[in-house]
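Structure first, commentary second.
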Amino acid sequence: MDKKEMLYEGKAKKIFRTEEQDQVLLYYKDDATAFNGEKKGRISNKGLLNNAISNIFFRLLAENGIPTHFIAELSEKEVLVRKLDIIMVEVVMRNIVAGSLAKRLGLEEGTNLAKPVLEFYYKSDELGDPMINEYHIYAQGLATESELSAIKEMAFQINQIMLDYLEDKGIILVDFKLEFGRGSDGKVCLADEISPDTCRFWDSRSGKKLDKDRFRRDLGDVAGAYQEILQRLQGSEHSAICGQD
């Protein structure tokens, strides 16, 4: 697959044109940002770790009937995906209170929610990705009612698939962000990535944070946490944990 000119560079990835009109190449960067780009840094091997982790999740979801942009892993940091018209709505699914939800509702971080909470945010760096509701989405023409219905249904399905998958790997899925886009056929499918950059993962025994919060909160060993997630998804780390008393 020939990599052509760069179409876009974001905080975590670069997008390149390919010889196929409806396919693009994503390159995962080692750069790390937090708080809408206010905090910046680099995490060793983050690009290859997030690429590998995200592709594991995309394959899992595709096997369970979720349409995604994933086509093929090309290298340690590169993946071939369908070219999509990204819907400018970030979808956040929360199973446990953490981050901004704790601040907004005055709840203690780690509180279990009786039911998963689905939130929408307007995808705009300039505005700081503000929270919005369905009426805002329709008023701005960001998505149609049928598209949003499909997004909500998929978000809850993805949540349950990932919860079930991660349970026996000793990982708690606290919350995560999803992005969706329209293909050339007009159908909505899952885009972006699913990684420790976009999910909160906690160890089910110790509660140790295994995600980007280690960078946000200066907890240290960020790369080690990302590596641990990949090892558990691949099976080696969880096997060692299960052997312990």
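Considering only residues that are at pLDDT 95 or above and among the polar types (S, T, N, Q), which ones fall in the range 182-203?
Scanning the range 182-203 gives S195, T198.
Residues of the range 99-125 being among the small types (G, A, S) and in contact (Cβ under 8 Å) with a residue 12 or more places away in the chain, which ones?
Listed by number, the residues that qualify are G99, G110, S124.
Tell me the residue from A143, A139 that is among the aliphatic types (A, V, I, L, M) and surrounded by fewer than 19 Cβ atoms within 10 Å (Cβ to Cβ), please.
Going through A143, A139 in turn, just one is among the aliphatic types (A, V, I, L, M) and surrounded by fewer than 19 Cβ atoms within 10 Å (Cβ to Cβ): A139.
Looking at the range 184-209, which of the residues that are basic (K, R) and buried (at least 16 other Cβ atoms within 10 Å of the Cβ) is farthest from F156 (Cα to Cα)?
If we take residues in the range 184-209 being basic (K, R) and buried (at least 16 other Cβ atoms within 10 Å of the Cβ), then K209 is farthest from F156 (Cα to Cα).
Name the one entry in K123, K177, K169, K212 that is under 16 Å from I66 (Cβ atoms), surrounded by 12 or more Cβ atoms within 10 Å (Cβ to Cβ) and not assigned by TED's automatic domain parsing to the domain that holds Y28.
That would be K177, the only listed residue that is under 16 Å from I66 (Cβ atoms), surrounded by 12 or more Cβ atoms within 10 Å (Cβ to Cβ) and not assigned by TED's automatic domain parsing to the domain that holds Y28.
Yes/no matrix, rows are residues, columns are (1) more than 16 Å from the chain's Cα centre (by Cα); (2) outside the structural domain of F156 (by TED's automatic domain parsing); (3) surrounded by 16 or more Cβ atoms within 10 Å (Cβ to Cβ); (4) not in a helix (DSSP H, G or I):
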position	(1), (2), (3), (4)
E20	yes, yes, no, yes
V24	yes, yes, yes, yes
S44	yes, yes, no, yes
I56	no, yes, yes, no
L60	no, yes, yes, no
G65	yes, yes, no, yes
I71	yes, yes, yes, yes
V92	no, no, yes, yes
E108	yes, no, no, yes
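Looking only at strands (runs of 3 or more DSSP E) that fall completely inside the range 143-244, which ones have 1 or more residues that are among the acidic types (D, E)?
Those strands (runs of 3 or more DSSP E) span 171-182, 199-203.
Tell me which residues, restricted to the range 162-196, are closer than 23 Å to E145 by Cα and among the charged types (D, E, K, R).
K177, E179, R182, D185, K187, D192
Within the range 52-63, is even one residue among the small types (G, A, S) and within 25 Å of R214 (Cβ to Cβ)?
Yes, the range 52-63 contains at least one residue that is among the small types (G, A, S) and within 25 Å of R214 (Cβ to Cβ).
Between residues in the range 126-139 that are of a type in the set (A, V, I, L, M) and residues that are part of a loop (DSSP other than H, G, I, E, B), which pairs lie under 8 Å by C-beta distance while being six or more apart or on different chains?
Close Cβ pairs (under 8 Å, with a partner that is part of a loop (DSSP other than H, G, I, E, B)) amount to I137/A143.
The values are calculated or read from the model by the stated rules, or taken from the named source; none is laboratory data. What you see is a predicted model; the values in this text were computed from it and never measured. With ideal geometry, Cβ positions are generated from the backbone for all residues, glycine too; neighbour counts draw on all protein chains shown.
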